Structures are given as structure tokens and as C-alpha cells.
Amino acid sequence: MRSLFSVKIPLLLMSLLCILPLFAQADDDVIWTAVFSDFTPINDKVDIDYCQSHTPSVIVTTIKQITSSKGVTGLNGVNIRYLSYKTEEKDNLYFNLVHAIVSGKGTNGKSWSEKMTLYEQTLDTVGVTYTVWSTPHCKGTFLGTPTRVSQ
């Protein structure tokens, strides 16, 4: 399953680069593309398939969108909404602590939601962001890439 998923990611990213301008809003000049990966169960109650279906796969968003009451839905149908977002600068490096909610519908049609904590780090306020995240059952990484749409 991992190899099939990892093969699809480059194709998805190429497709997203073509449609990025469609997501821009007048008051947001940076669009973020985040690719979630390294899905890892942290207990024996779930498996990697659970983690992949309870975590966004790829999202394209602005900070305004992901912090809105609707959040952003990933390509796999999982929604993420940032509840709080705090940035701290240390030694010219930037660290973000994010508390979020991920939610979706299971194959049985029942809605679910889980808390997610994300620890992001970057070299600049708008730069490639390296992130580790966890939910009550899973953990993993994501790489966030900014695209400036205006100056």
C-alpha cells in the first residue's frame, strides 16, 4: 500500500501546481501545499490503513482557509481545521505549535473527528515547513510548501 501511495504523490503534486492560482484569495498572498506522509500507528488498535483514512493526504490552502470554521478538505476527503496556531522565533528559526481537528466519514457513513497536534519548523516565516503530527492513534509527517501568488 505504501508504494502505491508514494507513486501517486508526484502525480498529485504536478496536478496541484497547475491549479494553485484557483485557490488564491485577494487577501491571501501565500498558498500552502501540504503533503502528509509516514503514517504510523501508535497503538495496536489501528493499522496503517486507518491512519491513511483518518489523516488528510494532500491539502492546498491559505492560513485563512485552514483556520476558518470550515477548514480544508484533503484530496482523500479528510478535513482539517486549525483551532490554534502559535509561532515562536528562536535563534532566527521559526517553530509553530498547532492544535487542530481532523474529521471525515467512515466507510459505514458515520462521521468521526479526532484532535491533532502539529509541530512545525521552518527557516523563515514563509518557507518550506517540516512538520511532525500526532492524533490519539497515529503519527506522521508533512512537508508544507508555500507558493506566493502576489507581492
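The values are calculated or read from the model by the stated rules, or taken from the named source; none is laboratory data. None of the values given here were measured: they were computed from a predicted structure. Don't worry about glycine lacking a Cβ; one is built from the backbone with ideal geometry, like all the others, and counts go over all protein chains shown. Just so you know, the surface numbers come from the protein's heavy atoms only, side chains and all, with ligands and any DNA or RNA stripped out. Shrake-Rupley method; radii C 1.70, N 1.55, O 1.52, S 1.80 Å.
Descriptive notes on the structure:
- Where Y85 falls short, out of the listed (1) farther than 23 Å from V126 by Cβ; (2) in contact with a helix residue (DSSP H, G or I) (Cβ under 8 Å, 6 or more places away or on another chain); (3) surrounded by fewer than 20 Cβ atoms within 10 Å (Cβ to Cβ): (1)
- The range 19-138 holds strands (runs of 3 or more DSSP E) entirely within its bounds, and those carrying 3 or more residues that are farther than 30 Å from V149 by Cα map to 30-41, 111-122.
- Qualifying position, being over 17 Å from the mean Cα position of the chain (by Cα), open to solvent by 30 Å² or more (accessible area, probe 1.4 Å) and farther than 17 Å from K139 by Cβ, among D49, D29, D44: D29
- Per the listing L97, L123, L118, L75, the residue uniquely under 25 Å from D29 (Cα atoms) and open to solvent by less than 20 Å² (accessible area, probe 1.4 Å) is L118.
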